[in-house]
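First the structure, in the form of structure tokens, and then the observations on it.
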Amino acid sequence: MNSKYIETVVFENEKVNECVYKISIQGDFEAKPGQFYMLRAWDEEPVLSRPISINDIEGGKISFLFQTVGRGTNILSKLRGGDEIKIMGPLGNGFDVDKVKGKVAMLSGGMGIAPLNYFYRSVMDREIDFYAGFRNTPYGMELVNEHCKSVTIATEDGSVGKTGYIIDHFEPRDYDVVFCCGPEKMMAIVIKKCEEAGVPVYVSMEKKMACGIGACLVCTCKTKDGNKRSCTDGPVFLGSELIINDEC
Amino acid sequence: MNSKYIETVVFENEKVNECVYKISIQGDFEAKPGQFYMLRAWDEEPVLSRPISINDIEGGKISFLFQTVGRGTNILSKLRGGDEIKIMGPLGNGFDVDKVKGKVAMLSGGMGIAPLNYFYRSVMDREIDFYAGFRNTPYGMELVNEHCKSVTIATEDGSVGKTGYIIDHFEPRDYDVVFCCGPEKMMAIVIKKCEEAGVPVYVSMEKKMACGIGACLVCTCKTKDGNKRSCTDGPVFLGSELIINDEC
Amino acid sequence: MMNVNICSVELKNPVIAASGTFGFGQEYADYFDVSRLGGISSKGLTFVPRQGNDWERMHEVKGGMMNSVGLQNPGVKEFIKSELEGMRNTGAAVIANLGGSTVEDYIKGAKLLDNADVDIIELNISCPNVKEGGMAFGIKSCVANDVVRQVRAAVKKPLMVKLSPNAQDIVEMALACEEAGADSISLVNTFKGMAIDIRTKKPVFKNLFAGVSGPAIKPMALRMVYEVCKAVKVPVVGMGGISSAEDAIEFIMAGAHAVQIGTANFIKPDICVDIIDGIESFMKQEGIKRIEDMRGII
Amino acid sequence: MMNVNICSVELKNPVIAASGTFGFGQEYADYFDVSRLGGISSKGLTFVPRQGNDWERMHEVKGGMMNSVGLQNPGVKEFIKSELEGMRNTGAAVIANLGGSTVEDYIKGAKLLDNADVDIIELNISCPNVKEGGMAFGIKSCVANDVVRQVRAAVKKPLMVKLSPNAQDIVEMALACEEAGADSISLVNTFKGMAIDIRTKKPVFKNLFAGVSGPAIKPMALRMVYEVCKAVKVPVVGMGGISSAEDAIEFIMAGAHAVQIGTANFIKPDICVDIIDGIESFMKQEGIKRIEDMRGII
Ligand SMILES: Cc1cc2nc3c(=O)[nH]c(=O)nc-3n(C[C@H](O)[C@H](O)[C@H](O)COP(=O)(O)OP(=O)(O)OC[C@H]3O[C@@H](n4cnc5c(N)ncnc54)[C@H](O)[C@@H]3O)c2cc1C
Ligand SMILES: Cc1cc2nc3c(=O)[nH]c(=O)nc-3n(C[C@H](O)[C@H](O)[C@H](O)COP(=O)(O)OP(=O)(O)OC[C@H]3O[C@@H](n4cnc5c(N)ncnc54)[C@H](O)[C@@H]3O)c2cc1C
Ligand SMILES: Cc1cc2nc3c(=O)[nH]c(=O)nc-3n(C[C@H](O)[C@H](O)[C@H](O)COP(=O)(O)O)c2cc1C
Ligand SMILES: Cc1cc2nc3c(=O)[nH]c(=O)nc-3n(C[C@H](O)[C@H](O)[C@H](O)COP(=O)(O)O)c2cc1C
Ligand code: FES
Ligand code: FES
């Protein structure tokens, strides 16, 4: 059996900034943009693995860009080259590259840049307007900055690019399709804006996960078609299908 | 407050053999031989710290010689220089160097060499017969081998020194006092032999511990004077005071 | 050597994937050969389809997790129509886990399952995440006795009754279910727990309480399984925090005929195989010929 | 800002070292300034001195530990003679934890403590590690009601009754103790658990069962504390797996007047100070002025 569960070692763990790290692992990986892996670098505690999006697959390596939040990501941040890591994936539906047609916007908020980087790489040949918001110093923008003709950056403290939230500098009306990944609140606003403008928007949801493969039903999102599993039916959903409220 | 709980870093972790490691930590340590520390190199899991004897204090460093047994010692074995470690001690009564008088025997079984090495260093000027038993290849014997005139080694497989258990090559009658550290079964036999020969023997007990400082009463040994705490009243007990049976 | 017999159903080994953690048996097929399993217990079914609970459904805790899925499921009919064949094709014994809010629902669901190609009906009288029901049956033994008796009368298939660790008296509960006609007892379901988000100053779960599972509950689960095994004559299936072959062997030595593995599937997707292989190699090392030779040995 | 009042005893903060994990208060003095504590609950005392249990007394489990110390203690008289002064000198409120095998023993012990310099008597009706007693009082609420009533009648000091999580119905139990005259309820004691040594094929503990404590039990303990706080009017002291300020705050938000810290003392000897400081800084961040402003806030 060609298992999607791999026990391997870290190639490199790069500290990107105070609380952002980029872990890379060597191997012959193939996946769709927007898919994720369950990462684990511990035996029993914490009990669950951590879902992290594919940040890039390139040059015989897969990389994950992540931010230290709690127990799991703190352990991940301390890994060094050669340390053991277990990864399970690729998981989830991912972004549909065929939908990247016409006038396209990609929108990231904070760590939302992680999956959009790999998505961007997969459709780099097309024309895309990239919008990225950060609290302060941007990160993970190398590829986009180098290749994308239209990049808008906003920082909450105004230290780089425009000041404030990136969504305040974004107008969906100009686009045929929008792809977005960021904090839930941001995505809720983007969905609303796009709905009003009649523009389809695909968002990547971040729900807590246990199995990551559709077996436990803890990661559901409310949709107009009933509860759907973020880990298998998602994490990418068409915004207009989601029922967004404080419960999703 | 000059706390006996120290959060520090590993200086070096040396692999002695397949499953024995020697961790050293820099600092200005002072302790009696036979005392121990509670070691911890993890946050929450496992919940308890691990009692490990002082193997040596020398050259501005304390060292611990330990064997991988389960969850805790496996984590300890993976530490590298610079990794965080928390140590609490020195704890316990330790061996009484003033009792090292006349004809003296020290007896170690397996990992029992750990505390006896530091004990030996503290009384190296006196005449001591050293007996050490191992399953196969001996370890931790550098200091003793270098300085001790009378060293008897036995290995279960006969690969080094005499063949069989070290206790089969030990006769208490010849001594004024005996000090012993090894597996419980070995110590039970040594205590019995010494009793029969009328020779006082001090043994270092290994009981499971939680607090390590006398507060929780999980580590008691049965003695003729009631239950005693190994962590504070011990770990060193006079053999004749212990009530040895399958319950202790 | 590894085979066991529970309510006249032969399992090739005593390791069963637990309800709610293994979907309908297909999801793990990318990770291991699911036919290795002794059995699979389906996601909890109800007669009427359920969307499950809103709001937060999961919260990780030390040594485990809390869930409040609330029996999201397509309903027994849809299960039989769309999921059962796939589950059957795994090659593992098929256990249909059945929840309910009313005795009538239990009976209606059980009757449908009785005519379907399932090996065992596992009556879940213990789900703590459904306000109106399930749990209500799992606390007091007289209530349990009644529902088990009625379902028993309605079906012919082997009936396994799954107990809640929140029962007032687990032994009394097991005896009441046995007396009512259960062919087997499985335990434990999740422990009723709570978590508070101190920043929002609100409970994490909309239902306030949620079910705790995983290694954290093992010592309590093992104790309950032991006590129940001592008390009842029917075969007992033990679970609660099992995450290694050693854990599984403890449950068997406590008297269990088989074990179920729940939360541990999230630790490692093929952990059930590790557990099966681990039990087998332990038996070889110790010269134990059959599972029953170590069952209840302590 | 941090002070709380429990049965008219003023604690400088809501953090109490739990019985059985903190000796008689002196042992930790090498590690931190013990006077920082709101209170200390003594090792469980009995009227007659006890040697405690033989054989294995401790077994580590995931997220916690099991103990079967069995109330080893010098007896109430010797405690008053040799330990009380030292405990008093710590500067923390002195809580004498009292166990017993018979109602008579409870009464005799309580009377001695009533005349001694202790602030609160904590009646432990919940120790799972003494075969003949303690636990017997902690399961059924009618039995508990009786012993609490009799001890209440015999003493004037504030009486805190410590409940077992193994009670058949924790809320009914708390109400029964309150009705019998308890000035305060503390909970939970350890959960009844079991472990088996698969190599020797024997239970790890001579008594078969032992008490589970530590982070693993927190979600269940918090749930019980919440339920009891909702039900009773007397102040509740919550415990069970607390190992951080966040945990402690959850218990306070669930309605507890104070918390006790047990197993976590073994994680880090001065963890109580971290918890006290952590609660204080949380309150500053959130603009909460007094402990009671967040008590039961959810
Ligand atoms: C499909 C998907 C892709 C993701 N991709 C990335 C990424 O590329 N980079 C990145 O930094 N983060 C990503 N996240 C979020 C990341 O999973 C969490 O930050 C991480 O799980 C936090 O774990 P922790 O142990 O550090 O925090 P803790 O708070 O200790 O975690 C406790 C529990 O909550 C869960 N949890 C906490 N925050 C989140 C969250 N935001 N989303 C989902 N579960 C959460 C944890 O997995 C764990 O089960 C992704 C999440 C999902 C669902
Ligand atoms: C005073 C004292 C001094 C010791 N000195 C040394 C030493 O110098 N070198 C060395 O290798 N070992 C020493 N030991 C034994 C060492 O503490 C155990 O090997 C270690 O705790 C095993 O932990 P684990 O997590 O690897 O094993 P696990 O089996 O996972 O441990 C589970 C629990 O049992 C306890 N435990 C397991 N074995 C023992 C044991 N033999 N003694 C006490 N508790 C145990 C652990 O501390 C833990 O609480 C000493 C023990 C004591 C009491
Ligand atoms: C996410 C999740 C969903 C569950 N759903 C069900 C269910 O539908 N029916 C049921 O009987 N038990 C359900 N359970 C309980 C498990 O089957 C099992 O009894 C419990 O988790 C204890 O075992 P464990 O510690 O191995 O997980 C669920 C458990 C989890 C973690
Ligand atoms: C080693 C040990 C000994 C204990 N002894 C007593 C005791 O004598 N009396 C008592 O009321 N509780 C006793 N307890 C229970 C604790 O006070 C506390 O109720 C329980 O451990 C749960 O809290 P925790 O998870 O913070 O440890 C003991 C606990 C431990 C771990
Ligand atoms: S995480 Fe289990 S179904 Fe999505
Ligand atoms: S380990 Fe706590 S008293 Fe010895």
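The values are calculated or read from the model by the stated rules, or taken from the named source; none is laboratory data. Keep in mind that this is a model prediction, so the values were computed, not measured. Quick reminder, even Gly has a Cβ in these numbers, built from the backbone with ideal geometry, and neighbours come from all protein chains shown. These accessible areas exclude ligands, DNA and RNA; they are computed on the full protein's heavy atoms, side chains included. Shrake-Rupley method; radii C 1.70, N 1.55, O 1.52, S 1.80 Å.
Of note:
- Single residue of B:Cys194, B:Cys219 found to be modelled with pLDDT of 90 or more and either in the same structural domain as B:Ser49 (by TED's automatic domain parsing) or closer than 20 Å to D:Met58 by Cβ (or both): B:Cys219
- All positions within region D:200-223 that are among the aliphatic types (A, V, I, L, M) and open to solvent by less than 10 Å² (accessible area, probe 1.4 Å): D:Ala210, D:Val212, D:Ala216, D:Ile217, D:Met220, D:Ala221, D:Leu222
- Residue ID - farthest from ligand 1 (Cβ to nearest atom), chosen from residues in region B:207-235 that are within 23 Å of D:Ala29 (Cβ to Cβ), more than 8 Å from chain D (Cβ to nearest Cβ) and in a strand (DSSP E or B): B:Lys228
- Pair list, Cβ under 6 Å, 6 or more apart: region B:162-173 residue closer than 14 Å to B:Lys193 by Cα, other residue among the hydroxyl-bearing types (Ser, Thr, Tyr): B:Ile166/B:Tyr131; B:His169/B:Thr152; B:Phe170/B:Tyr131
- Count of region B:186-221 residues, restricted to those that are more than 14 Å from ligand 6 (Cβ to nearest atom) and either within 19 Å of D:Gln51 (Cα to Cα) or of a type in the set (A, V, I, L, M, F, W, C) (or both), is 11.
- Among the residues making up region B:182-192, a single one is open to solvent by 60 Å² or more (accessible area, probe 1.4 Å) and either within 16 Å of ligand 3 (Cβ to nearest atom) or outside any helix (DSSP H, G or I) (or both): B:Pro183.
- Of the strands (runs of 3 or more DSSP E) lying entirely inside region B:1-47, those containing at least 2 residues that are under 25 Å from D:Ala29 (Cβ atoms) and modelled with pLDDT of 95 or more are B:5-9, B:36-40.
- Subset tally (residues that are within 16 Å of ligand 3 (Cβ to nearest atom) and either in contact with a strand residue (DSSP E or B) (Cβ under 8 Å, 6 or more places away or on another chain) or in contact (Cβ under 8 Å) with a residue 60 or more places away in the chain (or both)) for region A:193-248: 17
- Residues in region B:137-147 that are more than 18 Å from B:Cys19 (Cα to Cα) and either touching a helix residue (DSSP H, G or I) at 6+ places or on another chain (Cβ under 7 Å) or buried (at least 22 other Cβ atoms within 10 Å of the Cβ) (or both): B:Leu143, B:Val144.
- Within region C:261-277, residues that are under 22 Å from A:Ala41 (Cβ atoms) and in contact (Cβ under 8 Å) with a residue 24 or more places away in the chain have Cβ atoms under 7 Å from residues that are in a strand (DSSP E or B) and open to solvent by less than 10 Å² (accessible area, probe 1.4 Å) in these pairs: C:Thr263/C:Gly64; C:Thr263/C:Met65; C:Asn265/C:Ala17; C:Ile271/C:Ile261, counting only partners at least 6 apart in sequence or on another chain.
- Failed condition for B:Thr155, given (1) in contact with a helix residue (DSSP H, G or I) (Cβ under 7 Å, 6 or more places away or on another chain); (2) without any contact (Cβ under 8 Å) to a residue 40 or more places away in the chain; (3) open to solvent by less than 20 Å² (accessible area, probe 1.4 Å): (1)
- Considering only residues in region D:278-298 that are buried (at least 17 other Cβ atoms within 10 Å of the Cβ) and of a type outside the set (A, V, I, L, M, F, W, C), the one that is nearest to D:Ile261 (Cα to Cα) turns out to be D:Gly278.
Let's see how each residue does on (1) within 16 Å of ligand 4 (Cβ to nearest atom); (2) over 18 Å from the mean Cα position of the chain (by Cα); (3) open to solvent by 50 Å² or more (accessible area, probe 1.4 Å):
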site	(1), (2), (3)
C:Arg57	no, yes, no
C:Val61	yes, yes, no
C:Val94	no, no, no
C:Gly100	no, no, no
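- Candidate set: region A:50-61, residues that are touching a residue at least 60 places away in the same chain (Cβ under 8 Å) and open to solvent by 10 Å² or more (accessible area, probe 1.4 Å); chosen: the one nearest to ligand 3 (Cβ to nearest atom): A:Pro51
- Among the residues of region C:179-199, those identified as under 23 Å from the mean Cα position of the chain (by Cα), facing chain D (nearest Cβ under 7 Å) and open to solvent by less than 20 Å² (accessible area, probe 1.4 Å) are C:Phe191, C:Gly193, C:Met194.
- With respect to (1) more than 10 Å from chain C (Cβ to nearest Cβ); (2) in a helix (DSSP H, G or I), the lone exception for D:Glu250 is condition (1).
- Qualifying residue in region A:36-45 (condition: touching a Ser or Thr at 6+ places or on another chain (Cβ under 8 Å) and in contact (Cβ under 8 Å) with a residue 60 or more places away in the chain): yes
- When B:Phe95, B:Phe134, B:Phe119 are checked against the criterion of being free of Cβ contacts under 8 Å to residues at least 60 places away in the same chain and buried (at least 19 other Cβ atoms within 10 Å of the Cβ), a single residue qualifies: B:Phe134.
- Hey, D:Val225 of a type outside the set (Gly, Ala, Ser), within 16 Å of ligand 2 (Cβ to nearest atom), at the interface with another protein chain (Cβ under 9 Å from one of its Cβ atoms) and not in a loop (DSSP other than H, G, I, E, B) or not: no
- Matching residues, region D:137-166, being open to solvent by less than 10 Å² (accessible area, probe 1.4 Å) and either touching a His at 6+ places or on another chain (Cβ under 8 Å) or small (Gly, Ala, Ser) (or both): D:Gly138, D:Ala144, D:Ser164
- Elements of type strands (runs of 3 or more DSSP E) contained in region A:72-181, each with 1 or more residues being among the aliphatic types (A, V, I, L, M) and not assigned by TED's automatic domain parsing to the domain that holds A:Gly212: A:84-91
- Filter pass, C:Thr21 being within 28 Å of C:Thr102 (Cβ to Cβ), more than 9 Å from every other protein chain (Cβ to nearest Cβ) and among the β-branched types (Val, Ile, Thr): no
- Complete set of residues in region D:59-81 that are over 19 Å from D:Lys111 (Cβ atoms) and free of Cβ contacts under 8 Å to residues at least 60 places away in the same chain: D:Glu60, D:Gln72
- All positions within region D:224-243 that are open to solvent by 20 Å² or more (accessible area, probe 1.4 Å) and closer than 19 Å to C:Met66 by Cα: D:Tyr226, D:Glu227
- Being small (Gly, Ala, Ser) and more than 14 Å from every other protein chain (Cβ to nearest Cβ) is a property that holds for A:Ser204.
- Of the residues in region D:258-277, not one is at the interface with chain C (Cβ under 9 Å from one of its Cβ atoms) and open to solvent by less than 10 Å² (accessible area, probe 1.4 Å).
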